[in-house]
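Notes for the one structure printed next.
The values are calculated or read from the model by the stated rules, or taken from the named source; none is laboratory data. Just so you know, these numbers come straight off a predicted model, no measurement behind them. Heads up, the Cβs are rebuilt from the backbone with ideal geometry, glycines too, and the neighbour counts pull from every protein chain shown.
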Amino acid sequence: MEYDIVIGLEVHCQLDTESKIFASDSNKFGGEPNTHIGVITLAHPGVLPKLNEKAVEFAIKLGLAFNCEINQFNFFDRKNYFYPDLPKGYQISQDKSPICLGGEVKFKIKKGKEFSDHSVKIHHIHMEEDAGKSIHDIEPNNTCLDYNRAGTPLLEIVSEPCMTSPLEAATYLSEIRKIVRFLGISDGNMEEGSLRADLNVSLKPKGSPTLGTKVEIKNMNSIRFLQKAAEYEIERQAAILDANGTIIQETRSFDPEQGKTFGMRVKETMNDYRYFPEPDLGPIIISDQELSEAKSKMPKLPFELFETFSKEMGILEEHAYLLTEEKSISDYFTETCEHTKNFKSVSNWILSNIKGYLNENGIDIDQFAVKPKKLAELIKNIDQGNLSNSAAQVLMNMLIDQPESDILELAKSNDLIQSQDSDSMNMWIEEVLSQNMAKVDEYKKGKKGLMGFFVGEVMKKSKGSADPKILNSLLLKKLN
């Protein structure tokens, strides 16, 4: 039988605030267990929570990025359940009035060299506090509790069940990670748990209006693993349905080593969390002025930048996609383009030269010595014929060590100014040809691909200063 795939995600995003959502305890990742805690985090009797305004500001930013309706009058609820790493015995969350309603996330999916537009509908985004961490492998037969994470501000982004493939779900999660980083509200580090997702998968007969039984795979902390878990779960459910079996509504986990999901517990049809409005916190009222100010401070986001770079600036779509992977890279590109109109050259330099250097040295572009204005100056000198591309490569390596140097003075002192002196070029050509007579004979017998070899050898002798156009013309005359 053929099935329609239905996928939804609940994405939990830890916010990068200095303190916790209801207490002044540090919100930094790491630290010795139980060192970022205080009386509010530990729920001592008589203590009262106080809302971190930064968490609200970040929630509004994310809602605007997704084009949600911002609920200007919202409040917190108590979600009652007992778990050892939840000190209060309940969680402060939002149920009846989440801060953001509706909206969508737009993104591109890349298949080969083609890009297609996709969007995922958002049901809502709500604020809540994170729980602590249970550690089962420190002491035999004991569970240890670390409350450092308890009270960390979280945004839960709940999608509609509208995704139809594991690739779409994985790309959607990747886009959320990019957006929260662009907004500066979270580091989106999945390895540290700053971003994690619960994956909901169900199958229904092709074309059926009735949704199938949903299975939830908890705490996916890798985009690649999420895609693999969805792929496995689709195969598992299809095999059960093909054998006239019944899908059990349950919570499962994913074993990345085996590439399989496994059952954890049967999920009840409804959880009795006994929600009621949090009595120790007042409602959150967001004024029109606050909302207007938040809108005015919104940066351009990856999907919008992709359109700008590829359609308005003429950058290859492949390059536009790579330039919008990280905000620091897109900012560097945008700033460089304020000083030169050769946008394609800027893109090539960043993606071909600079990113390679960054990867080799394990640094971010913010730490790169050659600033955008200096790169633009280098490109202008190439465009004006002062430097060849190969000479510019040499100069870039020098500028990394001497970033404040004047480009033309540095080029002159190292004999890198592009030469249009045909006498010098003819001399270099004669030397190269006389040293490679066997290859000259091969060329004359029809092996025309050797032209690139001769050009490269002459460029070496000129230290990259020979004008390639003139060089090619002179070489052809000599060889023919």
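Brief remarks follow.
- Residue within segment 22-36 that is among the acidic types (Asp, Glu) and either within 30 Å of Gly245 (Cα to Cα) or touching a Leu at 6+ places or on another chain (Cβ under 7 Å) (or both) present: no
- Residue check for Lys88: of a type outside the set (Ser, Thr, Tyr) and at pLDDT below 95: yes
- Residue list for segment 242-254, filter: in contact with a strand residue (DSSP E or B) (Cβ under 8 Å, 6 or more places away or on another chain) and more than 14 Å from Leu199 (Cα to Cα): Ile247, Ile248
- Test for Asp280: is it touching a residue at least 40 places away in the same chain (Cβ under 8 Å) and either small (Gly, Ala, Ser) or outside any strand (DSSP E or B) (or both): yes
- Residues located in segment 1-27, provided they are over 29 Å from the mean Cα position of the chain (by Cα), assigned to a loop (DSSP other than H, G, I, E, B) and not hydrophobic (A, V, I, L, M, F, W, C): Glu2, Ser24
- Residue in segment 219-237 that is out of contact with any His (no Cβ under 8 Å at 6 or more places or on another chain), among the aromatic types (Phe, Trp, Tyr), modelled with pLDDT of 95 or more and outside the structural domain of Leu351 (by TED's automatic domain parsing) present: yes
- All helices (runs of 4 or more DSSP H) inside segment 382-480 with 1 or more residues being over 26 Å from Gly356 (Cβ atoms) and modelled with pLDDT of 80 or more: 407-413, 422-435, 437-444, 451-461, 468-479
- Flag if Leu101 is among the aliphatic types (A, V, I, L, M) and closer than 21 Å to Glu175 by Cβ: yes
- Filtered residues of segment 190-214 (kept if under 30 Å from Leu15 (Cβ atoms) and either without any contact (Cβ under 8 Å) to a residue 12 or more places away in the chain or in a strand (DSSP E or B) (or both)): Leu195, Arg196, Ala197, Asp198, Leu199, Asn200, Val201
- Among residues of segment 1-27 being of a type in the set (Asp, Glu) and farther than 27 Å from Glu191 by Cβ, the one that is surrounded by the fewest Cβ atoms within 10 Å (Cβ to Cβ) is Glu2.
- Counting only helices (runs of 4 or more DSSP H) that sit wholly inside segment 287-335, those with at least 1 residues that are more than 16 Å from Glu175 (Cα to Cα) and free of Cβ contacts under 8 Å to residues at least 40 places away in the same chain are 288-296, 317-323.
- Considered as a group, the residues in segment 437-456 that are touching a Leu at 6+ places or on another chain (Cβ under 9 Å) and in contact (Cβ under 8 Å) with a residue 12 or more places away in the chain include one that is surrounded by the most Cβ atoms within 10 Å (Cβ to Cβ), and that residue is Phe454.
- Taken as a whole, segment 272-289 holds no residue that is loosely packed, with under 11 Cβ neighbours inside 10 Å and under 22 Å from Thr164 (Cβ atoms).
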